[in-house]
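Structure first, commentary second.
The values are calculated or read from the model by the stated rules, or taken from the named source; none is laboratory data. Just so it is clear, the model here is predicted, and its values are computed rather than measured. Quick reminder, even Gly has a Cβ in these numbers, built from the backbone with ideal geometry, and neighbours come from all protein chains shown.
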Amino acid sequence: MSTETESLRTEIETLIERFKTVQFACVNESNEPLASYAPFVRHNGDFYIYVSALAPHTACLKTTPTASLLFIEEEQVSRNLFARLRLILQCSVTEVGRDGQDYETMLDRFADKFGPTIAMLRQLPDFSLLRMEITSGRFVKGFGAAYSVTDKAFNQLQQVTGK
């Protein structure tokens, strides 16, 4: 891995680590867009969210199992609001079954990150654990500094040019 790629990868990881929640967009079965957010846990390059069936985004993610995740620099720290540091990730979405080892392992990780609220949510039958696996993406550092993302470890980044 080149020094530049390693530096970009570090910037991406640092941006993600600044957040406990992720903003995302999905499309419902009527092909209408829906924006939302959820607390997340990251494991082996995948993002996990634990969401209620009462939230419109849960049905959206289960019916049309794709999402676009957004991690974006806070407005108050941005030097230019037209060029905020951001990471946009296209993901495929799969539900993690309650009967699997991954389910318990990931909910333990949620409890470690978010505390006692998870113990209560764990008991609610309408909650689902969803895995979001990166299929592609883009990291934008500012004007003229955008990079395509092709792997979930952020090891392969290619600068986007106008050509």
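Answer with yes or no whether G142 is over 13 Å from I12 (Cβ atoms), under 21 Å from the mean Cα position of the chain (by Cα) and small (G, A, S). Outline the logic, then answer.
On the way: over 13 Å from I12 (Cβ atoms): yes; under 21 Å from the mean Cα position of the chain (by Cα): yes; small (G, A, S): yes.
Yes.
When you check F154 against the structure, is it at positive phi, outside any strand (DSSP E or B) and among the hydrophobic types (A, V, I, L, M, F, W, C), yes or no? Talk me through it step by step, then tell me what you get.
Details: at positive phi: yes; outside any strand (DSSP E or B): yes; among the hydrophobic types (A, V, I, L, M, F, W, C): yes.
So F154 fits the description; yes.
Test T105 against the criterion of being polar (S, T, N, Q) and either modelled with pLDDT under 95 or more than 16 Å from the chain's Cα centre (by Cα) (or both), and give yes or no.
Working: polar (S, T, N, Q): yes; either modelled with pLDDT under 95 or more than 16 Å from the chain's Cα centre (by Cα) (or both): yes.
Answer is yes for this residue.
I'd like to check something: does region 72-88 contain any residue that is modelled with pLDDT of 95 or more, closer than 26 Å to N155 by Cα, in contact with a Ser or Thr (Cβ under 8 Å, 6 or more places away or on another chain) and of a type in the set (A, V, I, L, M)?
Yes, the conditions are met somewhere in region 72-88.
From the residues in region 114-144 that are farther than 29 Å from L157 by Cα and charged (D, E, K, R), which one is modelled with the lowest pLDDT?
R122
What residue, among those in region 15-58 that are touching an Asp or Glu at 6+ places or on another chain (Cβ under 7 Å) and assigned to a strand (DSSP E or B), is nearest to G142 (Cα to Cα)?
Across region 15-58, the extreme among qualifying residues is D46.
Say whether the condition of being more than 18 Å from I72 (Cα to Cα), more than 17 Å from the chain's Cα centre (by Cα), of a type outside the set (V, I, T) and surrounded by 13 or more Cβ atoms within 10 Å (Cβ to Cβ) is met by at least one residue in region 29-50.
No, that holds for no residue.
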